[in-house]
Amino acid sequence: MSKKFQTVGSLLRPQDLLSYKHQIEHRDDIAYPFYADFSGYEECEHQATKKVIDQEIEHGLEIITDGEFSKSMWHLDFVWGFAGISRYIAEHGYFFRDKDETQKYETRRDIGLRITAPLSGKNHHFIKIFQRQADIAGNRETKLCVPSPSHIFGELSWSDNIGGKDSVYSTPQELKAGLIQAYKEFVQEYAAAGGKILQFDDCLWEIFADDNPNSPYTGENIDQETVQALAAEFIDINNTVIDYGHSLGLKMWTHNCRGNYDSRNMGGGSYSKIADLFLKQLKYDRFFLEWDDDRAGSLEALEVFKDRSDTEIVLGLLSSKTNTLDDESRVFRLLEEASKIIPKERLLLSHQCGFASCDGGNELTENEQWAKIDQGQKIAQQYWGE
């Protein structure tokens, strides 16, 4: 098996675990991590996690995750674990693009976040998740995936959590400081617990791409100076926490995509339009980038990494959204194209995203998922010879 093939993190959940997750989705009278609310849930999650880690090892994966079996959604479970956050069912979910690329596709609705007290990342449940994962994985390398600070800053900023009469934070700058502190508290405890790799997942970079027709920041009558200032704010928030992670000896990775829910996406936006912002300025050690279709644009965006000799790029040329194997000739062609820009030894291969960013997962079976993972291993072995 090849160390050059990587997975983003999430894998399809088994049906017995999903039966609990589906109940969680429709209730907001329960408290994260919900174990006390559902008899047998914690043990089911533990056993499912053990099984999926065994499968990861069987299929030769170098970096082990828990398949994100501990999560309902790729990002919000982590936020629910902060002190000072209350979860509720909103009037509507997120809106993705349906497969016809025109109709809206609504997600689950338990996405409401209410700040009830100053945020804190101390004693976070994800530390227990990591410890369980590491215990099962044994001496194999593991990583933990959480949402980037800037992504959560964006979601909280675009809600009614700032500036109201009873708001904990009066201004975006107060929220920024509080959120960074909460992340630092979590990162410190993760490093103290033995964590080595922390991956920040992020789906907001492309809203700053002016070729993204689905962004609120494209079109006429947009104050681009304000938009660019917000992008700079996002970069600063992330880099502040990345620097802190590095100071503790952590490897800091990131994954970026344009949404992944029930095999659907949230929009477009090419990397070339944001390369000088997020690719060039963010201080991550490894970037997982989505390049499974034409929305990502040309690989020329990789030019910004040329002088960052310690930075690795994982090309998401394969698709986790489909139930068929990928076109290998396309993958080899793009790997060759990328290697003319970035040395081959700094490149890796993955799917564009996980197979189940939210617990329902993409539209394929577990057997199809593992066949696609095995294909990725085979391509990487053929291309890199290792």
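The values are calculated or read from the model by the stated rules, or taken from the named source; none is laboratory data. Note that the structure is a prediction, hence the values are computed from the model and not measured. Ideal geometry is used to build each Cβ from the backbone, glycine not excepted, and the neighbour counts take in all protein chains shown. For the accessible areas, the whole protein counts, side chains as well, though only heavy atoms, and no ligand, DNA or RNA atoms are used. Shrake-Rupley method; radii C 1.70, N 1.55, O 1.52, S 1.80 Å.
In the structure shown, do any of 251/344; 122/251; 143/280; 4/71; 71/128; 50/196 have a Cα-Cα gap over 18 Å, and if so which? Working shown, then result.
Values: 251/344 21 Å; 122/251 21 Å; 143/280 24 Å; 4/71 26 Å; 71/128 13 Å; 50/196 20 Å.
In this structure, 251/344; 122/251; 143/280; 4/71; 50/196 exceed 18 Å between Cα atoms.
Straight distance only, please: which lysines reach the Cα of residue 165 with their own Cα at less than 20 Å, same-chain residues fewer than 8 apart left out?
Within reach: 176.
Taking the Cβ of residue 211 as the center, what net charge do the other residues with Cβ under 13 Å away carry, scoring Lys and Arg +1 and Asp and Glu -1?
Working: positive: 258, 273, 295; negative: 206, 210, 294.
Combined, the nearby Lys, Arg, Asp and Glu give 0.
Among the GluC sites (Glu not before Pro) in region 110-192, which ones are in a DSSP loop with at most 15 other Cβ atoms within 10 Å of the Cβ? Mind listing them?
Here the sparse-neighbourhood loop sites are 141.
Mind checking the per residue accessible area of the chain for me, 1.4 Å probe, whole number of Å²?
Values: 15690 Å² over 386 residues.
Computed with neighbouring chains in place, this is 41 Å² per residue.
Can you give the FRET efficiency to the nearest 0.05 for residue 109 and residue 15, using r as the Cβ-Cβ distance and R₀ = 22 Å? Mind showing how you got there, number by number?
On the way: r = 22 Å, r/R0 = 1.01.
With a Förster radius of 22 Å, E is 0.50.
Give me the distance in nm between label points sitting 7 Å out from Cα along the Cα-to-Cβ direction at residue 223 and residue 58, one decimal.
5.7 nm
Can you tell me, using C-alpha contacts under 8 Å and at least 6 residues apart, the relative contact order of the chain as a whole percent? The partial results should precede the final answer.
On the way: 723 pairs, mean separation 78.0, N = 386.
Relative contact order comes out at 20 percent.
Can you give the accessible area of residue 266, probe radius 1.4 Å, in Å² rounded to 10?
Rounded to the nearest 10, that gives 70 Å².
Tell me the GluC sites (Glu not before Pro) within region 54-108 that lie in a loop according to DSSP and have at most 12 other beta-carbon atoms within 10 Å. Walk me through the intermediate numbers first.
On the way: sites: 56, 58, 62, 68, 91, 101, 106; in loops: 62, 68, 91, 101.
Sparse-neighbourhood loop GluC sites (Glu not before Pro): 91, 101.
Using a Gaussian network model of the chain with C-alpha springs under 10 Å, which one of 131, 173, 281 is most mobile by mean-square fluctuation?
Comparing 131, 173, 281 in the GNM, the peak value goes to 173.
Ignoring everything except DSSP H segments at least 4 long, calculate the 222 nm mean residue ellipticity for the chain; use -39,500 (n - 2.57) per segment, divide by total residues, nearest 500. Before the final figure, lay out the partial values.
Details: 9 runs with 132 residues, N = 386.
Only helices count here, giving -11000 deg cm²/dmol.
Whole angstrom only: what separates the Cα centroid of region 258-312 from the Cα centroid of region 73-93?
Cα centroid to Cα centroid, the span is 27 Å.
Just the accessible area for residue 370, please: 1.4 Å probe, Å², rounded to the nearest 10?
Here the residue's solvent-accessible area equals roughly 20 Å².
Which trypsin sites (Lys or Arg not before Pro) in region 15-84 pass both tests, a DSSP loop state and at most 16 other beta-carbon atoms within 10 Å?
Details: sites: 21, 27, 50, 51, 71; in loops: 27, 71.
Sites meeting the loop and neighbour criteria: 27.
Please give the length that would be gained between residue 345 and residue 51 if that part of the chain were fully extended, namely 0.36 nm times their separation in residues minus their C-alpha to C-alpha distance (nm, one decimal).
On the way: separation 294, 0.36 × 294 = 105.84 nm, distance 3.23 nm.
Gain on extension, residue 345 to residue 51, equals 102.6 nm.
Please compute one quarter of the surface area of the Cα convex hull for the chain and express it in square nanometres.
Working: hull surface 72.4 nm².
For the chain, averaging the hull's shadow over all directions gives 18.1 nm².
Taking the Cβ of residue 142 as the centre, find all other residues whose Cβ is under 9 Å away and add up their charges (Lys, Arg: +1; Asp, Glu: -1). It would help to have the intermediate numbers written out before the result.
Values: positive: 140, 143, 196; negative: 66, 141.
Once positives and negatives cancel, what remains is +1.
With a 1.4 Å probe and all protein chains in place, put 4, 280 in order of accessible area, largest first. Write down the numbers at each step before the final one.
Working: 4 15, 280 115 Å².
Descending accessible area places them as 280, 4.
Taking one equal scatterer on every alpha-carbon of region 50-107, how large is log10 of I(q)/I(0) by Debye at q = 0.18, 0.19 1/Å?
Treating every Cα as an identical point scatterer, log10 I(q)/I(0) equals -0.85, -0.86.
Estimate the FRET efficiency between residue 91 and residue 310 by the formula 1/(1 + (r/R0)^6), using the beta-carbon distance for r and 45 Å for R0, to the nearest 0.05. If you can, show how the numbers build up before the last one.
Numbers: r = 46 Å, r/R0 = 1.02.
Approximately 0.45, to the nearest 0.05.
Would you tally the net charge around residue 363, using a Cβ to Cβ cut-off of less than 10 Å, leaving residue 363 out, and scoring K and R as +1, D and E as -1? Please report the intermediate quantities before stating the final value.
Working: positive: 99, 264, 321; negative: 262, 368.
Result for the local shell: +1.
Starting from the alpha-carbon convex hull of region 164-274, give the projected area averaged over all orientations, in nm².
On the way: hull surface 38.2 nm².
So the Cα hull casts an average projection of 9.5 nm².
Counting only protein heavy atoms and using a 1.4 Å probe, what share of the accessible area of the chain belongs to carbon plus sulfur, as a whole percent?
Values: 7240 of 15690 Å².
About 46 percent, which is the carbon plus sulfur part of the accessible surface.
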